[in-house]
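First up is the structure itself, then whatever we jot down about it.
The values are calculated or read from the model by the stated rules, or taken from the named source; none is laboratory data. Keep in mind that what you see is a predicted model, and the values were worked out from it rather than measured. We place every Cβ from the backbone using ideal geometry, glycine too, and count neighbours over all the protein chains shown. These area figures cover heavy atoms from the full protein model, side chains too; ligands, DNA and RNA do not enter into them. Shrake-Rupley method; radii C 1.70, N 1.55, O 1.52, S 1.80 Å.
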Amino acid sequence: MQNIGEAFHLALSLVLSGEADLYEIVGLSLQVSLSATVLACAIGLPIGALIAVSRFRGRGLVLIVMNALMGLPPVVVGLLVYLYLSRSGPLGFLGLLYTPGAMIFAQTILIVPIVAALSRQVLEDLHAEYAEQFRSLCLTRWQSITTLLWDGRYALLTVGLAGFGRAVAEVGAVIMVGGNIDHLTRVMTTAIALETSKGDLPLALALGIILLVLALGVNAGVQTLRMTAARQAHV
Amino acid sequence: MSDLPITAVPPVARPRDEAAMSRPLLPLRVSGLRLAADGAALLDGVELSLAPGGCTVIMGPNGAGKSLLLKMLHGLLVPGGGEVSWNGTPAAQATARQALVFQKPVLLRRSVAANLDFVLKARGRDRARRDTLLREVGLLHKARQPARLLSGGEAQRLALARALATDPEVLFLDEPTASLDPASVLVIERIVAAARDRGTRIIFVTHDVGQARRMADEVVFLHRGRVAEHSRADVFFPEPRSQPARDYLAGRIVL
Ligand SMILES: Nc1ncnc2c1ncn2[C@@H]1O[C@H](COP(=O)(O)OP(=O)(O)OP(=O)(O)O)[C@@H](O)[C@H]1O
Ligand SMILES: [Mg+2]
């Protein structure tokens with residue numbers, strides 16, 4: 001086992017060398033987590049918007065459940081998705097288990113509640129401001145929802161980012177349904193876990209560094225967008 | 001808004017009755033209209049009849065219930081009692097044929113032009129009217145600017161343009177010139193008068209006595225959630241009959 005300083009040095013040179021295996025892992029991570037984020041937004045934003053503009057019995061309960069689901073443990077999601085996708089499971093015929101598709105599936109389930117709950121909050125605040133004007137204009141519920149989604153787009157971008165951050169950083173769900181197969185389902189988090197246990201600290205560290213830089217980069221991008229939005233009085 | 005004691009009319013209260021759709025909205029009859037929150041009567045048995053045509057100015061001290069009354073006439077709030085009847089049509093089903101310029105205008109987080117495009121599209125109106133409307137309220141040169149960066153007076157003018165975009169049969173205005181400079185006040189008054197002359201029924205809340213004199217065909221004076229006086233303008237201003245209105249016009253404190 002090398003000392004930490006040496007490991008860091010090797011990790012940095014790995015990152016900078018643009019080694020193909022390393023960037024294949026990074027690429028798959030991004031592909032899986034971005035796909036999951038897009039899917040989760042497609043499902044979660046309409047749910048959040050609908051709940052934000054609706055009043056119905058049991059709404060309080062729905063909110064509690066939705067908030068609780070935000071903290072779903074990834075391994076539990078992994079287990080459930082595994083059961084569904086395994087050969088004898090209800091979705092076994094899809095043959096998705098141990099493919100990137102299964103990982104996207106699991107991460108989508110993991111972050112739909114995050115997107116739905118956070119967007120509900122954002123859109124409900126916006127709706128409180130717009131509701132009377134909407135009623136005066138006799139907008140349909142559909143018109144109200146699309147207007148809220150569009151006018152809240154910058155805030156919702158942050159919601160999507162929170163979902164992406166959770167997806168790209170989790171290891172429990174993807175390892176259970178993806179299996180960490182080299183060149184097929186190995187992503188950054190599963191590779192870090194594996195390489196660390198094998199004692200290949202430079203590779204684990206290299207991936208860790210890239211994961212951090214990614215997180216910083218995405219956050220910086222969204223921050224810039226938000227500042228642009230604020231300048232145009234969008235917040 | 002579920003925590004408010006005053007309940008809003010659920011959205012999508014659209015008129016179904018075809019015959020009612022083609023009937024004129026006026027005359028308006030309001031009887032025994034009540035609204036209470038936390039045991040306090042905010043509107044305390046409002047009785048009011050409005051004939052077709054012209055401009056009714058609603059006056060009264062702060063907190064008299066003017067804004068609440070407008071919202072109830074417009075069908076945005078559920079009455080705690082009593083009735084609002086627009087020539088037989090309940091308020092909640094008359095909303096689509098009316099427009100309200102709110103005391104605090106709510107503008108979408110879009111450009112000035114896009115705010116109008118939105119309403120014209122949502123209500124199926126001719127999009128080409130946008131620039132005409134903007135020119136009318138003097139905002140054409142600000143069309144591309146984010147609406148939320150408009151000054152208070154400009155925002156009011158955009159809100160008026162948006163209200164006119166829906167071709168309302170009844171136009172409610174809640175202190176639409178409260179933050180405008182004198183020249184803009186006259187611009188707004190001219191636009192509102194033009195709408196009135198085209199047959200739009202105007203119901204206008206203002207604290208500006210000079211403006212009330214210029215605009216009003218009749219005045220409704222609201223005091224503590226009741227109609228204290230309802231008189232023709234040429235009667236009200238020289239010789240108000242009710243004590244609260246006399247005090248108000250004389251600049252004495254009305255409580
Ligand atoms: N949602 C609400 N819940 C409880 N009380 C309310 C609510 N809205 C208004 N009120 C109260 O009702 C009273 C009348 O309000 P309203 O806004 O109609 O006054 P107004 O005559 O328009 O006054 P102003 O001249 O200041 O605009 C006020 O005392 C206000 O505090
Ligand atoms: Mg008011």
* Structure fact -> Counting every C-alpha pair in the protein assembly as shown, the percent lying more than 31 Å apart is 57
* When chain B is modelled as a GNM with alpha-carbon springs shorter than 10 Å, which of B:161, B:193, B:37 fluctuates the most? -> B:37
* residue B:213/residue B:49 FRET efficiency (R0 25 Å; Cβ-Cβ; nearest 0.05) -> 0.65
* If the viscosity is 0.890 mPa s and the temperature 25 °C, what Stokes-Einstein diffusion coefficient in µm²/s follows for the stretch B:21-249 when Rh is the Kirkwood radius over Cα pairs? -> 136
* Asked: For the stretch A:26-131, which chymotrypsin sites (Phe, Trp or Tyr not before Pro) are in a loop by DSSP, counting at most 13 other Cβ atoms within 10 Å?
  -> A:56
* Structure fact -> Computed for chain B: size of charge dipole around the Cα centre, +1 on C-beta of each Lys and Arg, -1 on C-beta of each Asp and Glu, debye to nearest 20, value 820
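Evaluate peptide A:128-135: per residue, the Cβ atoms of other protein chains within 10 Å of its Cβ; return the mean as an integer.
6
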* What's the angle, to the nearest 10 degrees (0 to 90), between helix A:188-198's Cα axis and the longest principal axis of chain A? -> 30
* To do: Give the angle, between 0 and 90 degrees and rounded to the nearest 10, that separates the Cα long axis of helix A:20-53 from the longest principal axis of the Cα atoms of chain A.
  => 20
* **Protein-only accessible surface order, largest first, of B:44, B:234 at 1.4 Å** => B:234, B:44
* **Label-zone membership for the stretch A:158-190, site residue A:94, 7 angstrom Cα→C-beta point, backbone N under 11 Å** => none
* Which of B:22, B:111, B:67 moves most in a GNM of chain B, Cα contacts under 10 Å? -> B:22
* Could you compute the FRET efficiency for residue A:12 and residue A:63, with r as their C-beta to C-beta distance and R0 at 60 Å, rounded to 0.05? => 0.85
* Report relative contact order for chain A in percent, whole number only (criteria: Cα-Cα under 8 Å, sequence separation at least 6). => 32
* Asked: Roughly speaking, what is the stretch gain from residue B:117 to residue B:87, that is 0.36 nm per residue apart minus the C-alpha to C-alpha distance, in nm to one decimal?
  -> 7.6 nm
* Over the stretch A:1-105, consider all pairs of different Cα atoms and compute the Kirkwood hydrodynamic radius from their mean reciprocal separation; express it in Å, one decimal. => 17.6
* Structure fact -> Relative contact order as a percentage, the stretch B:21-249, C-alpha pairs under 8 Å and 6+ apart, gives 27
* Asked: Which value, in Å³ per residue, describes the convex hull spanned by the Cα atoms of chain A?
  -> 144
* For residue B:145 and residue B:246, what does the FRET efficiency come to when R0 = 35 Å and r is the distance between their Cβ atoms, rounded to the nearest 0.05? -> 0.20
* Asked: Of chain B, which part is the longest with no trypsin sites (Lys or Arg not before Pro) in a loop (DSSP not H, G, I, E, B) and with at most 14 other C-beta atoms within 10 angstrom?
  -> B:17-143
* **With DNA, RNA and ligands ignored, accessible area of residue B:217 (1.4 Å probe; Å², nearest 10)** => 80
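Taking 2.2 N^0.38 Å as the expected size of a compact globular protein, what ratio does the Cα radius of gyration of the stretch B:98-159 give against it, to two decimals?
This ratio for the stretch B:98-159 stands at 1.02.
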* To do: Pick out, in residue order, every one of the trypsin sites (Lys or Arg not before Pro) in the stretch A:132-235 that is DSSP loop and has at most 11 other C-beta atoms within 10 Å; say none if there are none.
  => none
* Using only Cα atoms, tell me the angle between helix A:141-151 and the longest principal axis of chain A; keep it within 0 to 90° and round to the nearest 10. => 50
* Asked: About its Cα centre, how strong a charge dipole does the stretch B:76-212 have in debye, to the nearest 20, once Lys and Arg get +1 and Asp and Glu get -1 at the Cβ?
  -> 700
* Structure fact -> Averaging 1/r across every pair of distinct alpha carbons in the stretch B:45-104 and inverting yields a Kirkwood hydrodynamic radius, in angstrom, of 12.6
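Would you mind giving the mean number of other chain beta-carbons within 10 Å of the Cβ of each residue in B:97-103, as a whole number?
2
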* Structure fact -> Within 10 Å of the Cβ of an average residue in A:137-147, the count of other chain Cβ atoms is 5
